[in-house]
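Beneath this line is the structure, given in structure tokens, with notes to follow.
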Amino acid sequence: MTATLIDGKAFAARLRQGIAGQVDAMRARGITPGLAVVLVGEDPASQVYVRAKGKQTREVGMTSFEHRLPADTSERDLLALIGRLNDDPAVNGILVQLPLPEHMDEAAIINAVDPAKDVDGFHILNVGLLATGQKAMVPCTPLGCLMMLRDHLGDLSGRRAVVVGRSNIVGKPMAQLLLRDSATVTIAHSRTQDLPSLCREADILVAAVGRPGFVKGDWIKPGATVIDVGINRTPDGLVGDVDFEAARAVAGAITPVPGGVGPMTIACLLANTLTATARKNDLPDPE
Ligand code: NDP
């Protein structure tokens, strides 16, 4: 038996369609959601992401503001730009593309963004709100993973979830979201002992490691749902953190790379921008 493929690309297209409809309704009331993306430097992967984000922002009817700054921009100048975007009523969401150049204090930059416009959900206030079960802006990649899990499994309550990776961007917020949905969550990382046995206990296995094919087929519990967050560029093209072919023979369902988590991430960025716009205008949160 081979696993069901969880089609993130199709899911993201449906999500964007729904967002476009809601943007239309907002525009009819004179409100146009705006997303500002700031890119510092010329990291090739970041350039690809920023271009895709701008294109999809415009496609759903939102305004896209793109700010490209040279790699040697001072932290002071970047903070000044963020200040202007915070004050700009046409900007509802602000995303500073990571990673930033080495000479910048990433935490200081992230925490300079108005938390209400922090569509990446990385501001310390949003991290705290999520951790305490309050209304927060939720990081896009784990939010997309959660949507696919809920869609495929329904209620996540009581399920055993293992998240491999503890980054602030993926692993930790993923674990918080699963916990909020009452899964029993374990977070694994590079110091975890006997990772294969731990993974074999998981009904839900999320891999966010950054190593091609790291999770082997025999680490997977038969029938488990596997979410592969990894994006690794190899001579054979883009591959995930899971040994896909081997995993597919054991898992119940799995996200492919590409076409799984990646497209959902950008769709969730648009969803967060819509949410930020709704909250700013005292409208109910979008569905
Ligand atoms: P980080 O490098 O920040 O974190 C990787 C995590 O994996 C760390 O917590 C690390 O543990 C853990 N790890 C590394 N080696 C091992 C090991 N041998 N055993 C167990 N755990 C290990 O990466 P990110 O979280 O930012 O990203 C993870 C992957 O997801 C990358 O491939 C990235 O490209 C991709 N990604 C995809 C996105 C998408 O839209 N689809 C968005 C964001 C990321 P420790 O903390 O102990 O070092």
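Where a number appears in this text, it was derived from the coordinates with a stated rule and is not lab data. Note that the coordinates shown come from a computational prediction; the quantities given were computed from them, not determined experimentally. A quick note on method: Cβ atoms are made from the backbone with ideal geometry, for glycine too, and the neighbour counts reach across all protein chains shown.
Structure data summary
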item: Per-q log10 I(q)/I(0), region 175-279, q = 0.12 Å⁻¹ (Debye; single scatterer per alpha-carbon; no solvent); result: -0.45
item: Ordering of 247-254, 81-88 by packing [mean C-beta count within 10 Å, highest first]; result: 247-254, 81-88
item: Among 15-23, 150-158, the order from most to least packed when residues are scored by Cβ within 10 Å on average; result: 15-23, 150-158
item: Under 5 Å, built H, 5+ apart or other chain: amide partners of residue 69; result: 39, 40, 41
item: Residue-wise HN-Hα coupling along region 279-285, computed from phi with Karplus coefficients 6.51, -1.76, 1.60 (Hz; x: Gly, Pro); result: 5, 4, 9, 6, 9, x, 4
item: Principal axis dimensions, the chain - Cα atoms, whole angstrom, descending; result: 52, 42, 37
item: Residue 193-residue 168 pseudo-label distance in nm [points 7 Å out on the Cα-to-Cβ vector]; result: 3.0 nm
item: Shape call, region 32-117: gyration tensor on alpha carbons, a/c limit 1.5; result: oblate
item: J(HN,Hα) series, region 73-87, from Karplus relation 6.51 cos²θ - 1.76 cosθ + 1.60, nearest Hz, glycine and proline x; result: 4, 7, 4, 4, 5, 5, 4, 5, 4, 4, x, 5, 5, 4, 8
item: Cα pair distances in region 243-282, grouped into 10 Å bins until the bin that holds the longest one, percent each; result: 26, 30, 22, 16, 7
item: Extension gain (nm, one decimal) between residue 86 and residue 63, 0.36 nm per residue minus Cα-Cα; result: 6.7 nm
